[in-house]
Structures are given as structure tokens and as C-alpha cells.
């Protein structure tokens, strides 16, 4: 190789490296939890979903924690649909996946969704990857039209958990109809009662900047429960 050409190429390479270093300074880097809950079989009064789509894996650098379920009650399907569309549109435009959950979906100044509770003990339901679910679990949330109960099944211990409303921190059965002013209820002069559910995964990443991550939230179902 001609010495002059060799020197020229090295100079150009050095310039490229220098330019990259200069322009990369100040660029934010972030981690993202790409694996999201996957709806397998939606129905009118039930939904089957899995922690991840079949074949997906979790980034091995992440500690996968589990799934949160968010809910809200509406007196009209149109109101539920409008909120769903608004949230998913906002979520699609976010830079860091999962940020719209705390800033909009579950924000008290946003759509005001709440984490669903367990009726028996009044605690927030969290589908723990360590004790409750596998990545290939098939989980079913079902509204029993006869018993007027909402439940989740398909957990590791084969247990069925009865779910409840989160009314000011108290566990209230879904059979108890909401009234105007309830924190988990949107009234818009409708005549029905609809339950809308979203699910989101969470993980902890061990890095130079350890942090808790949320995946994008997935719409599970909008079902009529009156």
C-alpha cells in the first residue's frame, strides 16, 4: 500500500472516531423491556394471555419480575374505547417504552387506572415470576356471569384468585356496582358497566444505572360486567 494513502486513511479514521466521540457526548442511552404480555384468546367475558409471546425470551441481563394488571370501570363502551385509543396512541409515540404507564395510564391526572386487588387479602395483584408464573404460562381472567365474580387462573399452584376493585385502598368485589364519584369509575351518562384491563411486565436491570423497567402496556380486554 502506498505510504501516503495509508497515512491519509489513518487520518480519516481518526477524524471519524473523533467526530463520533464529540457528537455522542450528551446522547441519552436507555434500557428497554421489549417483551410484553401477549393476548392468546380474547372472548366476550374472558381473556387468555401469556407473559410473553411464544418463542420470545427475556434479555438475560434483566431480572424479569412479573406482571401488573391495571383496570378501570366505565358506564359506556365508547368511553372505554376512547381512553384505550388515546393511551395506545400516546404509548406508540413514547421514546422509552413503559413511561406512559406512570405518566398517563396510572396517573391521577391522566386516565386514572388502578392496580387490581385480590379480594381475599386486599393486596395489589402482582403476578410474580418467582412464585406465580412461567414465561409460557397461560393465564385466564374470567367474569363469571352467575357468581358475579372476576377471577384469574393458570398460576403455578393451580390456584384461582378472586379479583377486586381498588376503592380508596379497600378491596371491593366487582359485584358491587360503582357510583358517580368512585375513584375507579368513569361516568359519561351511559347505561352499562364495562371493565377495561391492561397488563404490563416489569424487570430490573443491573447496569451502570440500575433501574426498574416497565414494558409497554397491553390491552387485555374490555368486557361488560353488568
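The values are calculated or read from the model by the stated rules, or taken from the named source; none is laboratory data. Keep in mind that what you see is a predicted model, and the values were worked out from it rather than measured. Positions of Cβ are backbone-derived with ideal geometry, glycine not excepted, and every protein chain shown enters the neighbour counts.
Annotations
- Among the residues of segment 101-122, those identified as in contact (Cβ under 8 Å) with a residue 12 or more places away in the chain and either assigned to a loop (DSSP other than H, G, I, E, B) or more than 22 Å from residue 141 (Cβ to Cβ) (or both) are 102, 104, 106, 111, 112, 113, 116, 119, 120, 121, 122.
- Candidates 128, 144, 132 - the one that is farther than 19 Å from residue 224 by Cα and surrounded by fewer than 16 Cβ atoms within 10 Å (Cβ to Cβ): 128
- Subset tally (residues that are assigned to a loop (DSSP other than H, G, I, E, B) and either at positive phi or surrounded by fewer than 16 Cβ atoms within 10 Å (Cβ to Cβ) (or both)) for segment 35-45: 3
- Where a residue in segment 177-205 is without any contact (Cβ under 8 Å) to a residue 24 or more places away in the chain and its partner, wherever it lies, is surrounded by 13 or more Cβ atoms within 10 Å (Cβ to Cβ), with Cβ under 8 Å and at least six apart: 179/185; 180/187
- Failed condition for residue 150, given (1) farther than 21 Å from residue 177 by Cβ; (2) touching a strand residue (DSSP E or B) at 6+ places or on another chain (Cβ under 9 Å); (3) modelled with pLDDT of 95 or more; (4) not in a loop (DSSP other than H, G, I, E, B): (1)
- Only one entry in 180, 162 is closer than 12 Å to residue 116 by Cβ, more than 17 Å from the chain's Cα centre (by Cα) and surrounded by fewer than 18 Cβ atoms within 10 Å (Cβ to Cβ), namely 162.
- Residue within segment 94-110 that is farther than 24 Å from residue 204 by Cα and either out of contact with any helix residue (DSSP H, G or I) (no Cβ under 7 Å at 6 or more places or on another chain) or modelled with pLDDT under 95 (or both) present: yes
- For segment 46-66, the set of residues classified as in a loop (DSSP other than H, G, I, E, B) and touching a strand residue (DSSP E or B) at 6+ places or on another chain (Cβ under 7 Å) consists of 51, 52, 53, 58, 61, listed by residue number.
- Residue 79 being under 21 Å from residue 183 (Cβ atoms) and touching a helix residue (DSSP H, G or I) at 6+ places or on another chain (Cβ under 9 Å): no
- Qualifying residue in segment 127-141 (condition: more than 20 Å from the chain's Cα centre (by Cα), in a loop (DSSP other than H, G, I, E, B) and touching a residue at least 12 places away in the same chain (Cβ under 8 Å)): no
- Selection count where residues are buried (at least 20 other Cβ atoms within 10 Å of the Cβ) and out of contact with any helix residue (DSSP H, G or I) (no Cβ under 6 Å at 6 or more places or on another chain), scope segment 82-93: 1
- Residue match in segment 16-24 (condition: modelled with pLDDT under 95, surrounded by fewer than 18 Cβ atoms within 10 Å (Cβ to Cβ) and touching a strand residue (DSSP E or B) at 6+ places or on another chain (Cβ under 9 Å)): no
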